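The block underneath contains the structure these notes are about, expressed in structure tokens.
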Amino acid sequence: MRFSEFQKKEVIDMQRGKFLGFIQDAAIDITIGKIDTLHIGDTERSLFMEMRVKDQKQFGYDEVVTIGKDIVLIKKKEPKK
């Protein structure tokens, strides 16, 4: 899958069923060649139809539960006590 196809998918929090946004960027661990972190942001359109990212969040790739045709499901890990 190309990253441009990955960016078109909606990201949903599996625990709350809440729309989190779209994948904007990713951090890749170059030593192993795998995605480390996904940068997810909600986009908004301005008056001139340009896209702006607001409220960008980061999730570890290990929090991705499944990647479907149209959505990516994420389950946030509980903080260790």
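Here are a few things to note about the model shown:
- When the residues of region 41-74 are filtered to those that are surrounded by 12 or more Cβ atoms within 10 Å (Cβ to Cβ) and of a type in the set (G, A, S), the one that is modelled with the lowest pLDDT is G41.
- When V11 is tested against (1) at pLDDT 90 or above; (2) exposed (fewer than 15 other Cβ atoms within 10 Å of the Cβ); (3) not in a loop (DSSP other than H, G, I, E, B), only condition (2) is not met.
- Region 14-42, residues that are more than 17 Å from D70 (Cα to Cα), in a strand (DSSP E or B) and among the hydrophobic types (A, V, I, L, M, F, W, C): A26, A27, I28, I35
The values are calculated or read from the model by the stated rules, or taken from the named source; none is laboratory data. This one's a predicted model, so the numbers in the text were calculated from it and none came from an experiment. With ideal geometry, Cβ positions are generated from the backbone for all residues, glycine too; neighbour counts draw on all protein chains shown.
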